[in-house]
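Notes follow once the structure below has been shown.
The values are calculated or read from the model by the stated rules, or taken from the named source; none is laboratory data. This is a predicted model, so every value here is computed, not measured. Using ideal geometry, Cβ is built from the backbone for each residue, glycine included, and neighbour counts are taken over all protein chains shown.
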Amino acid sequence: MINKEDRNKRHKRAMQRKKAHVDSRIAEATIDKGLLLVLTGNGKGKSSSAFGMLARSVGHGMQCGVVQFIKGQWECGEQLAFEEHPLVEFHVMNTGFTWETQDRETDIAAAKLTWTKASLLLKNSSVKIIILDELTYMLTYGYLDKKMVLTSLVNRPVNQHVIVTGRNASKELVEIADTVSEINDTKHAFNAGIKAQKGIDY
Ligand code: ATP
Ligand code: MG
């Protein structure tokens with residue numbers, strides 16, 4: 001049986017070792033640069049995570065851009081919260097889901113028009129963080145030219161952060177990204193017959 005005092009001493013030693021390790025890792029991370037983040041996978045939490053970072057950035061007074069490439073019928077809380085915000089330039093491709101429009105030509109025209117907004121943001125160094133929500137589908141469906149999109153992302157201002165969301169991120173996008181999170185669909189309420197909930201899903 002270990003007595004309480006020994007256990008506390010051991011804990012303190014372990015925490016000291018941990019702190020030394022964490023401190024040295026922090027000291028090694030000296031690079032400051034704009035990041036490309038990709039949030040992909042079949043689980044819930046991609047767009048909501050991106051908008052969480054938007055909230056953080058707005059909190060810091062940073063100028064932000066949002067381009068939503070797909071939008072359903074729901075009135076999204078993130079749009080209501082940030083659309084009129086003086087720090088946020090907000091663009092939405094208003095065609096709805098591809099399975100709603102069922103029209104490839106219309107979708108391609110809308111995607112290209114929406115990309116012009118993203119492209120301008122990606123050239124503007126005063127915009128510190130950009131969310132390209134559901135962009136991956138524009139590439140998987142071939143609505144936007146992959147090379148053109150990747151080139152714009154790579155050539156953006158050095159200190160600009162970009163967050164791309166959507167399922168099935170291509171390997172080229174993953175390659176050029178700094179941070180990639182694959183969110184797994186372990187369980188989703190929808191599969192138990194529960195409808196989309198305000199504040200949680202939209
Ligand atoms: P969120 O916006 O909630 O972070 P997401 O961006 O990860 O979700 P999308 O594929 O963009 O996921 O789907 C948007 C909507 O579909 C949200 O209402 C979300 O809750 C729901 N959803 C996400 N993943 C699943 C899933 N695996 N099964 C059913 N519905 C899902
Ligand atoms: Mg999403």
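Details
- Tabulated pairs, segment 22-50, first aromatic (Phe, Trp, Tyr), second within 16 Å of ligand 2 (Cβ to nearest atom), C-beta under 6 angstrom, 6+ apart or interchain: none
- Close contacts from segment 154-169, counting a first residue that is touching a residue at least 24 places away in the same chain (Cβ under 8 Å) and a second that is aromatic (Phe, Trp, Tyr) and within 16 Å of ligand 2 (Cβ to nearest atom), with Cβ to Cβ under 6 Å and a gap of 6+ residues or different chains, come to Gly166/Tyr137.
- Residue that is surrounded by the fewest Cβ atoms within 10 Å (Cβ to Cβ), among those in segment 101-142 that are among the acidic types (Asp, Glu) and within 16 Å of ligand 2 (Cβ to nearest atom): Glu134
- For Ala14, the criteria (1) more than 16 Å from ligand 2 (Cβ to nearest atom); (2) not in a helix (DSSP H, G or I) hold in every case but one, which is (2).
- Taking the criterion of being over 17 Å from Thr114 (Cβ atoms) and surrounded by 20 or more Cβ atoms within 10 Å (Cβ to Cβ), the residues of segment 157-191 that qualify are Gln160, His161, Ala169, Leu173, Ala177.
- Of the listed requirements (1) within 16 Å of ligand 2 (Cβ to nearest atom); (2) assigned to a loop (DSSP other than H, G, I, E, B); (3) without any contact (Cβ under 8 Å) to a residue 60 or more places away in the chain; (4) not aromatic (Phe, Trp, Tyr), Asp201 misses just one: (3).
- Lys117 satisfies every condition listed in (1) modelled with pLDDT under 95; (2) more than 21 Å from Asp201 (Cβ to Cβ) except (1).
- Selection count where residues are closer than 22 Å to Ala196 by Cα, surrounded by fewer than 15 Cβ atoms within 10 Å (Cβ to Cβ) and charged (D, E, K, R), scope segment 36-82: 1
- When residues of segment 21-35 are limited to those that are surrounded by fewer than 10 Cβ atoms within 10 Å (Cβ to Cβ) and of a type in the set (Asp, Glu), the one farthest from ligand 1 (Cβ to nearest atom): Glu28
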